[in-house]
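Heads up, the thing below is written out as structure tokens.
The values are calculated or read from the model by the stated rules, or taken from the named source; none is laboratory data. What you are looking at is a predicted structure, and each value in this text was computed from that prediction instead of being measured. Every residue, glycine as well, gets a Cβ built from its backbone with ideal geometry; the counts of neighbours run over all protein chains shown.
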Amino acid sequence: MLELRQITKRFGDVLANDHVNIVVKPGTIHAIVGENGAGKSTAMRIAYGFYTPDAGQILIDSQVRDIKSPHDAIALGIGMVHQHFMLVETMTVAENIVLGAEPGNPFELDLKSAAAQIRQLSEEFKLAVNPNEPVEHLSVGQQQRVELLKALYRHARLLILDEPTAVLTPLEVAEFFGILRRMREQGKTVIIITHKLSEVLAISDEVTVMRDGKVVGRVQTKDTNAAELARMMVGREVLLRVEKPEPHVGGPALEVRNLSVLTAAGAKRVDDVSFQVRSGEIVGIAGVEGNGQTELMEALAGLVEPAQILGEILSDGRNIIYLGARVRRELGIAHIPEDRHRRGLLLDFSLAENSILGVHYRPPIAAFAGNVFLDENAIQRRATEIIEGFDVRPRNAALPARALSGGNQQKLIIGREYHVNPKVLLVSQPTRGVDIGAIEFIHRQLVSLRDQGCAILLVSAELEEVTSLSDRLLIIHEGRIAGEVDPKVATLEEIGLLMTRGH
């Protein structure tokens, strides 16, 4: 169906694809795995016409094709769903699906026939969405279905999916895999770019493994396992489980009492929540996304207006609700946000500039406390320590943050927050969109920080991650704590029932 033959692509000094050969058979689900920056997304964007290769050939149905744009790819039956959805939220499902391929004539848009066609596709592939619903009212899982329908509406025979499960709940992942299997049964070919090895083994027929811009292996899924794939991806043995000693727990470092967080309109997103996080322990919060986790963590970090908060947030016995984010950082509360682009980085700033955010006004970065004059040598020293200590690639402090892959952006943020030696660390989705080698590294750093006496509050949509890292696990449902379980003995079924039903 698709063959990339000797594809080479450079971005300045970075060799993203180095004589890449990939063969995808028709009617299969083919996984492409590799660490962040391995070149897998670049190769598929070349197949989709986003990038033009410097050398090599693209073959569709065994014929060499000149694909210079996504328009060329669509005409050949190739569709792509990107990691960050490309939907206009204020438009309806039908309007988004037909955008750029509008039915009717130049004077009149025929949305009625489009909606009928969308319903037919929706029923055929069991992609249940309402064509007339505004996209802003849809869940993340439903928005992904809209992206799939967009490709199917354009008669895609080959679907390229970039990190398709990164923002889905476990239930949505199971439903999504059912959709992909139905597509395969009806003759579609699917390529999944991912780093989640358990999902690769569950859904794919074949796997291509990339490392440092090259293809280092191609295997039948039935003939491999997670350890072998991880070894090919990283080039060494990878620990696929979190190993941590028993915690040495101290007194409460963060205490929440009867906390409610309101929207600007007065609706409760967090409802009368109380818990403690003690020094030297990791307390996890598990829940289906959208049940108040984001609002809770942002309230604790000082990113919510005090007028929208009821109750108490205590640090060292002091109520800090009316203290801003900077003062909370001075008290030793660090924050790794769930949205690294919106809350964690200034994408057009250099890695060096991003490494000093939150301490830019303190010596030695500032010449004097509160001074506007910055010490460039101190900035470079700090940036180098973080970049080398947390294996941020490429190791160039002058690069803008947007030039890094998602996993390396995440390592930069974690390194920056780790560097302030926090008493309390609020961490949301620490490994979202991060490859297996970086996940292992990030988990080790969190356990190391715990063992140094830091109190860590962890929110993660990855059940396996939150259960293996946490010493205690709280379940949140509709803004309330539905229960506390011991992650060493609670089953995923018990946790899942608390997450979805609240009991």
task: Given the conditions (1) buried (at least 22 other Cβ atoms within 10 Å of the Cβ); (2) within 27 Å of Gly290 (Cα to Cα), report the number of the one that Glu136 does not fulfil.
output: (1)
message: Quick check on Gln452: is it more than 27 Å from Asn291 (Cα to Cα) and at pLDDT 95 or above?
response: yes
task: Output the residues belonging to the stretch 111-162 that are among the charged types (D, E, K, R) and out of contact with any Phe, Trp or Tyr (no Cβ under 9 Å at 6 or more places or on another chain).
output: Lys112, Arg119, Glu123, Glu124, Lys126, Glu133, Glu136, Lys150, Arg154, Arg157, Asp162
task: Kindly check whether there is at least one residue in the stretch 420-435 that is closer than 23 Å to Ala325 by Cβ, basic (Lys, Arg) and buried (at least 21 other Cβ atoms within 10 Å of the Cβ).
output: no
- request: Scan the stretch 462-503 for residues that are within 22 Å of Glu172 (Cα to Cα), surrounded by 20 or more Cβ atoms within 10 Å (Cβ to Cβ) and among the polar types (S, T, N, Q) and jot them down.
  value: Thr467
- prompt: So how many residues does the stretch 84-102 have that are surrounded by 16 or more Cβ atoms within 10 Å (Cβ to Cβ) and either on the phi > 0 side of the Ramachandran plot or without any contact (Cβ under 8 Å) to a residue 24 or more places away in the chain (or both)?
  reply: 1
- request: Among the numbered conditions (1) at pLDDT below 90; (2) more than 22 Å from Pro422 (Cβ to Cβ), tell me where Glu465 comes up short.
  value: (2)
